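Inspection log for the structure reproduced underneath, given as structure tokens.
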Amino acid sequence: MKKIPIDCPCCEAKLTVSKLVCDACETEVVGKFSLPLLMQLTVEEQEFVMNFLKHSGSLKEMASQMGKSYPTVRNILDDLIYKLKSIASTTT
């Protein structure tokens, strides 16, 4: 499955959604919508968040599953938290 691009391929500015379509009845909603916070993450970061939730927030279990040390996984989470806070502060 293709990932929705979040940055402009020409100037690297953030992209916005301009059209939503219902597959069932083909209703179209047109406007300017920002991407949801989690969609602004890379695929790898999204997968990390999903694994974090699947493991009920257990970094120990995630470290074991990822074959990494606990401090490494903790650092990945800390970096992700910082990124999410940065994105959130620019969209409010």
Handout entry: Options Val73, Val43, Val30; residue that is at pLDDT 95 or above, surrounded by fewer than 14 Cβ atoms within 10 Å (Cβ to Cβ) and aliphatic (A, V, I, L, M)
Key = Val30
Practice task
Determine which single condition Ile81 fails, assuming it passes every other condition in (1) surrounded by 11 or more Cβ atoms within 10 Å (Cβ to Cβ); (2) more than 10 Å from the chain's Cα centre (by Cα).
Solution key: (1)
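The values are calculated or read from the model by the stated rules, or taken from the named source; none is laboratory data. All values derive from a computational prediction rather than experimental measurement. Neighbour counts run over all protein chains shown; Cβ positions are idealised from the backbone, glycine included.
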